[in-house]
Amino acid sequence: MQLNVRWHSRAGQGAVTGAKALAEVMSQQGKYVQAYSVYGAEKRGAPMTAYDKIDDEPIFDHSKWFTADYVLVIDPSLVFNPEIVDGTHEDTKFIVTTHLSKDDLLAMPQAAHLKDKKLYVLDAIKISQETIGRAIPNTPTLAAFVKISEVVSSDSFLKSMEAILSKFPQKIIDGNMAAMKRAMEEVN
Amino acid sequence: MAEKYELKTKEVWDGNTAAAHALRQAQVDVVAAYPITPSTPIVQNYAQFLADGYVDGEFVMVESEHSAMSACVGASAAGGRVATATSSQGYALMVEVLYQASGMRCPIVMTVVNRALASPLNIHGDHGDLYLGRDAGWIHLIANNPQEAYDMTLCAFKIAEDEDVRLPVSTNQDGFLVSHTAQIVEPLDDDTAYKFIGDYKQRNPMLDFNNPVTYGAQTEEEWHFEHKARQHKALMDSPAVIERVFKEFKDLTGREYKLVESYNMDDAEVAVVAMGSNYETAKIAADKAREMGIKAGVVCPRSFRPFPLKEVAEILKNVKAIGAMDRSAPMGTIGALHNEITGALNAFGYNSIVTGYIYGLGGRDTTVEDNLEVFKDLALNAEAGKRVTPLQKFIKLRGPELSFFKVGE
């Protein structure tokens, strides 16, 4: 069965990089993958979506939209956009970044669309600021997804990510590794 | 001496990255380019490879695509291996020089990322640019996924530079759907890739001062026709070389390419013909159609020019109803691919029912379900033994239904 993951972010927050990293991690597990994004000619900060398809079989479907099994929202303001529940099913899991607790978030009228959804929260912005030094919420959210979905063991995931990040300076690698480990502990 | 690039046996690359690595491995002497979305990353990656020492050749920055292709023609005539990349408006600006390149028999390789033509301005994928270059005298190869974007680019050099061809070759991949979609690509290592392509063989290089030659001469009514006919003959004869190169590529990699690709065509009663990423999407629809009892298959010409007339006719001859899918605004006819297919069938005495579908303009999403609807239409025609659906339909067009040549009209 194909696993479909949809990312909601703002251009510049790293959703495309995150989606490609997930594809790379899963390809190393012997899976077939597609990672792509949907955007127009928008500038930095505009809402956009990125997508991962993961399958045991080669993927021939080149159409853009799908029903998401997981929705990752890496920008805190987009959590309040009702469009994040479009194209989902009963069992779709939502992993969203917010500084609020799950209960406080759900108590807000602007988050009504998330009621009765399978919801997980983490503060990927704060985590990335405190570990990487910048608000780059893609890697911590990806780690939270791995923790919740168990598509790959945490150890293999972290090992793959260390290799993927190896082109960066050591400080960035260390920051990202710390961010991901913390996200795995904090997502709830 | 260029550094070797360390590649994994399985990379996760989008089509642009795949094409850029193929250009790098070909060790091109001159790349002259003016970047344009969605092919920008090909040029950008290539320039990075050059800056990082992985390429020995020259990268020429120019002020427009017209200049880019002009510089390519100059470098090719001088005697070097030459490549570039473009899309859409850039392609349109190059058109004048595309004809010059082929007329001067310059074996340039151009990695095209297909994108709609303005106006209205649109950055997404359709085949408007490919169709614009249709009669420019180039070989146009089609790649349906990132692996093929890589493979076709390697093959393109070998085909273009062959002694019996010496024509420019474009490789085409769908904007975003292939160019920006990361999938698994199995690259060759640098030495193997280069060895497959081989060293560049000069023919009549302008830099050979002992044997001065003229490129781009003027010929009026006494010789122009003969030159163009000879160029046409080179294109018409090129399938033999294309097939030979594909055979060598298969022996090397195990990946098999044909002039006409097909899926489930052995017993097919209905077939969709498509170029680009929708060929693969339609395969899934064909599987679903078969579950519904419709004997469906899919066909893709790997080479749009030269058009494999005979092979297309041969593979479609027993099919009752055919849907020709054109990803370009037909502007006053049924569709370029539709017309090629009906022409091929008619030329060889076959009489299937062919209908035209316009789809995916400006990146309009085309799904498995959209293709399945086409198969259902085709099944109606096949069952009736005559055309009962309109000759031309539009997939997922907004507004009131549009079609032309309804039955009975």
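Table: residues versus (1) in a loop (DSSP other than H, G, I, E, B); (2) of a type in the set (Phe, Trp, Tyr); (3) under 25 Å from B:Ile42 (Cα atoms); (4) in the same structural domain as B:Gly80 (by TED's automatic domain parsing).
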residue: B:Tyr131; (1), (2), (3), (4): no, yes, yes, yes
residue: B:Ala149; (1), (2), (3), (4): no, no, yes, yes
residue: B:Cys155; (1), (2), (3), (4): no, no, yes, yes
residue: B:Asp199; (1), (2), (3), (4): yes, no, yes, yes
residue: B:Asp208; (1), (2), (3), (4): yes, no, no, yes
residue: B:Glu222; (1), (2), (3), (4): yes, no, no, yes
TODO: Would you please name the residue that is nearest to B:Leu93 (Cα to Cα), looking only at residues in the stretch B:31-58 that are over 22 Å from the mean Cα position of the chain (by Cα) and in contact (Cβ under 8 Å) with a residue 24 or more places away in the chain?
DONE: B:Glu58
Open item on the list: Looking at A:Thr67 and the list (1) closer than 22 Å to A:Lys147 by Cα; (2) touching a strand residue (DSSP E or B) at 6+ places or on another chain (Cβ under 7 Å); (3) buried (at least 18 other Cβ atoms within 10 Å of the Cβ), which single condition is not satisfied?
Closed with: (3)
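Quick check, is B:Val260 under 28 Å from B:Pro38 (Cα atoms), buried (at least 19 other Cβ atoms within 10 Å of the Cβ) and in contact (Cβ under 8 Å) with a residue 12 or more places away in the chain? Lay out the reasoning, then the answer.
On the way: under 28 Å from B:Pro38 (Cα atoms): yes; buried (at least 19 other Cβ atoms within 10 Å of the Cβ): yes; in contact (Cβ under 8 Å) with a residue 12 or more places away in the chain: yes.
So B:Val260 fits the description; yes.
Scan the stretch B:133-147 for residues that are away from every other protein chain (no Cβ under 14 Å) and part of a strand (DSSP E or B) and jot them down.
Step one: filter the stretch B:133-147 for residues away from every other protein chain (no Cβ under 14 Å), giving B:133-141.
Once the filter is applied, which keeps residues that are away from every other protein chain (no Cβ under 14 Å) and part of a strand (DSSP E or B), the stretch B:133-147 yields B:Ile139, B:His140, B:Leu141.
Mind listing whichever residues of the stretch A:1-37 are assigned to a strand (DSSP E or B) and either under 17 Å from B:Pro146 (Cα atoms) or at the interface with another protein chain (Cβ under 8 Å from one of its Cβ atoms) (or both)? Break it down into steps so the answer makes sense when it comes.
Looking only at the stretch A:1-37, we keep the residues that are assigned to a strand (DSSP E or B), and these are A:3-10, A:32-37.
Residues satisfying the conditions are A:Tyr32, A:Val33, A:Gln34, A:Ala35, A:Tyr36, A:Ser37.
I'd like to check which helices (runs of 4 or more DSSP H) are fully inside the stretch B:15-114 and have at least 2 residues that are over 22 Å from B:Asp208 (Cβ atoms) and polar (S, T, N, Q).
Details: elements: B:15-25, B:40-51, B:65-78, B:88-103.
Filter on the stretch B:15-114 gives B:15-25, B:40-51, B:88-103.
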Task: Given (1) touching a Gly at 6+ places or on another chain (Cβ under 9 Å); (2) crowded, with 18+ Cβ neighbours inside 10 Å; (3) over 23 Å from B:Met1 (Cα atoms), number of the condition B:Ser64 does not satisfy - done: (2)
Open item on the list: I'm trying to understand the selection: among the residues of the stretch B:381-391, which are in contact (Cβ under 8 Å) with a residue 40 or more places away in the chain, out of contact with any Asp or Glu (no Cβ under 9 Å at 6 or more places or on another chain) and not in a loop (DSSP other than H, G, I, E, B)?
Closed with: B:Asn381
- [ ] Report whether or not A:Arg44 is over 22 Å from B:Ile284 (Cβ atoms) and either touching an Asp or Glu at 6+ places or on another chain (Cβ under 8 Å) or facing another protein chain (nearest Cβ under 10 Å) (or both).
- [x] no
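The values are calculated or read from the model by the stated rules, or taken from the named source; none is laboratory data. For clarity, every value in this text was computed on a predicted model and none was experimentally measured. Cβ atoms come from the backbone with ideal geometry, glycine included; neighbour counts cover every protein chain shown.
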